[in-house]
Amino acid sequence: MLSATRLFTSDPGTGAHDATRRRLLAQLGAGALVSSPLASALAADDTYDQESTLKAVTDFFGSTTEGLANVVEKAFREQGRPNAYIRGEEVSAAVTVGVRYGEGELVTKSGRMSKVYWADPSIGLDLGANASKVFVLVYKLPGVDAIYKRYPGVDGSLYYVGGAGINYQRLDGVTLAPIRLGVGLRTGASVGYVHYRREKSLNPI
């Protein structure tokens, strides 16, 4: 028969064992949450899906083309779901060496908005100047302030189909994917980076 002393006195190692067990259970629970449909739904809620993105792009350009659908599909296939975008306009001019200036509005899925300006030196073959719209998909942006940097272009990323074009710029895990249509597709190419700023500047560097 067990004595009352033995029944109500705990093993000296029991407390540590219970603490370890609780810690392991908490870790397993966290792992289950990360891989659960709920976690996936929460992550998706912070990003734009392909259907709504294509609608936003076509509404912005004012036209629906197979080319636009193709470049948006390509971006989603290669980069996933964006968590922000920039709607803007840019003016560029080049004879041999020129510059492209732009301004627009950054919109995040969380609802934050911020004005953004950009400029990049370019090498082109076109004469005169042109003005055009640009819609930039933004991936893995940790916060609004992270957009204000100099983003290098990704070599070989330029893709053109059906009157629409897209290329990638990348820095510190953030990817930008500018989409241009029609007159916005210059024969010129970026020298290698685009500088995004809080304020307008004529200096492309």
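A short reminder: the numbers here are calculations on the coordinates, not readings from a lab. Everything numeric here is computed off the predicted structure, so don't read it as measured data. Note that we place each Cβ from the backbone using ideal geometry, even for glycine, and neighbour counts take in every protein chain shown.
For the reader, a short list of remarks on this structure follows.
- 3J(HN,Hα) along the range 160-170, derived from phi through the Karplus expression 6.51 cos²θ - 1.76 cosθ + 1.60 where θ = phi - 60°, amounts to 9, 7, x, x, 10, x, 8, 8, 10, 10, 8 Hz, with x in place of Gly and Pro.
- Fewest-first ranking of Leu137, Leu158, using other Cβ atoms within 10 Å as the exposure measure: Leu158, Leu137
- Taking other Cβ atoms within 10 Å as a rough exposure proxy, Phe60, Phe135 sort from fewest to most as Phe60, Phe135.
- With a Förster radius of 22 Å applied to the C-beta separation of Ser52 and Tyr148, the computed FRET efficiency comes to 0.25.
- Each residue in Arg170, Arg180 was given a count of other beta-carbon atoms within 10 angstrom of its own, and listing them fewest first yields Arg170, Arg180.
- Under 5 Å, built H, 5+ apart or other chain: amide partners of Leu141: Asn83
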